[in-house]
Amino acid sequence: MTTDLSVSKGGFLKVYGPVSILVKKGAIDVLGRVFVENAKVIVHKTKTYIIRALEDSELDLVMGEEASVQPLEEDDPYLAKYALSQELASNPGRLIVLVGGTDSGKSSFATLLSNIVLQKGGNPAIVDGDVGQSNIGPPGFVSAGRITGPVLWVGEAKPEKLRFIGDVRPHVNIWKIINAVKELASEYFKAGSTHVIVDTDGWIRDEKGLRYKVSLISALKPDVMVVFGADISPYFRKFSAYGVRVVEFNIPPTRKIRSRDERRILRSMKYREFLYEAPIVKLDFENLIINGLPILEGVPVEVASVEKFVEGKISYASLLPDMLYLAGSVRRVEEEGLKKEFGVGKIAVFEPGAERNLYAAVSNGNLDYPALIDKIDFQGRRIIIKTRYTNKISELKVSTIKLRDDYTEEFLEVSS
């Protein structure tokens, strides 16, 4: 559907995607980014933008299914957010942490603040601590990048720094995430960023999620924290006693909320963005630090020493404290004999092909980058992966996520 709208100077519209907007006359502001005559704004299906007319403006809108345009509600906090962004942008050296539930407006505020910092000559950087629904980097990573030009979404930032967490569920690796966020924020200040904005995940509406965010704030000691949601604000006001400025915003009464399926699809698209048609790389696993793949973390043992206890074909065996790993096509294992022979309490069999499409990261010690395991060549002592990373690889970090061919996930159980 196509429609024409006139907006008087100083007027507001709230636009729910999918919508394509052509500025036929005048100028508008969208999250601190200015669009003038003949410029086009694309509002994606999962987005909601507030448009402010900087001049008397005429807009041509092409609206998709489920799209709508509404006036801005009187109690919408957008103007207060804009005023805060102007204030913060005028004071460099600020670490700003954003906390709130899912789809509460954190990323939109990060976009608005970044654009206004740029307008005032600053150098903003975003640290994306949402490992499950990352805007900047791939799933399972804490990612970060600088905003170098006006954007409509912080996901337009190039992912310059990546730290592999290895799971898209934050509760699995709370302190790993906190340490990565703290490290990247510090690196950007050292590199000259005037403002570092930490965008967190939406896990906050249960006890563990809330305690996680409290621990994050305690570790980061930000200059400012912005809380989205009046119901969760009381839990963070105490930080003002420690020099943290706590700013609270109500969540807009109407907003777009992504469904579980939409979030899963968006995550699948992110995996694809970093891994689709990635080149094959072959690594000598005996000269590689490997984390998360126990059979290759152990000390290799002679296959001949285990074959008499196994019915089938063994291609590789390794020993970890109290665990013997076997790789191959195994029909039967004489467990008690193996346990006595090697002095272990457990035997584990790694089935052929079990490694295919395990999600991983390669690293040179400073930078992590996504990879997929394609195959382990136990005979040739090589691990074959897919990755776009082209520098020297010294480490392989493996997750418990296996990707299907459509880049959706399945989670593997880890035996203790």
With a 10 Å cut-off between alpha carbons and a GNM built on the chain, which of Gly93, Gly101, Gly365 moves the most? Gly365
Using a 1.4 angstrom probe on the protein heavy atoms only, line up Glu351, Glu302 by accessible area, largest first. Glu302, Glu351
Top to bottom by accessible area (1.4 Å), largest first, where do Met269, Met1 land? Met1, Met269
Filtered trypsin sites (Lys or Arg not before Pro), the stretch 265-366: DSSP coil and at most 11 other beta carbons within 10 Å: Lys308
What one gets for the stretch 66-140 as the Kirkwood radius, inverse of mean 1/r over different Cα pairs in Å, is 14.1
Looking at the chain, send over the antiparallel percent of its DSSP beta bridges, to the nearest 5. 75
Quick check: pseudo-label points 7 Å beyond the Cα along Cα→Cβ at Ser394 and Val34, how many nm apart are they? 4.8
Find how much the distance from Glu286 to Arg211 grows on full extension, using 0.36 nm per residue of separation minus their present alpha carbon separation; answer in nm with one decimal. 22.9 nm
Could you check which residue among Val246, Val344, Val34 shows the biggest mean-square fluctuation in a GNM of the chain with a 10 Å Cα cutoff? Val344
Most mobile listed residue (Val154, Val224, Val333) in the chain, GNM with C-alpha springs under 10 Å: Val333
Which GluC sites (Glu not before Pro) in the stretch 5-112 pass both tests, a DSSP loop state and at most 16 other beta-carbon atoms within 10 Å? Glu37, Glu55, Glu65, Glu66, Glu73, Glu74
Could you pull out the pairs from Lys158/Lys397; Lys45/Lys375; Lys176/Lys282 whose alpha carbons sit more than 32 Å apart here? Lys45/Lys375
Take the Cα of Leu319, step 7 Å along the line toward its Cβ, and report every residue of the stretch 278-298 whose backbone nitrogen sits under 18 Å from that point. 294-298
At the level of C-alpha centres, the distance separating the stretch 290-326 and the stretch 25-70, in angstrom, is 61
The chain, helix-only ellipticity at 222 nm - DSSP H runs n ≥ 4, -39,500 (n - 2.57), divided by all residues, nearest 500: -6500 deg cm²/dmol
Subtracting the Cα-Cα distance of Lys24 and Arg332 from 0.36 nm times their residue separation yields 103.5 nm
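The values are calculated or read from the model by the stated rules, or taken from the named source; none is laboratory data. Remember, it's a predicted structure, so these values are computed and weren't measured experimentally. When we count neighbours, we look across all protein chains shown, and the Cβ atoms used for this are built from the backbone with ideal geometry, even at glycine. Heads up: the accessible areas ignore ligands, DNA and RNA and are worked out on the full protein's heavy atoms, side chains in. Shrake-Rupley method; radii C 1.70, N 1.55, O 1.52, S 1.80 Å.
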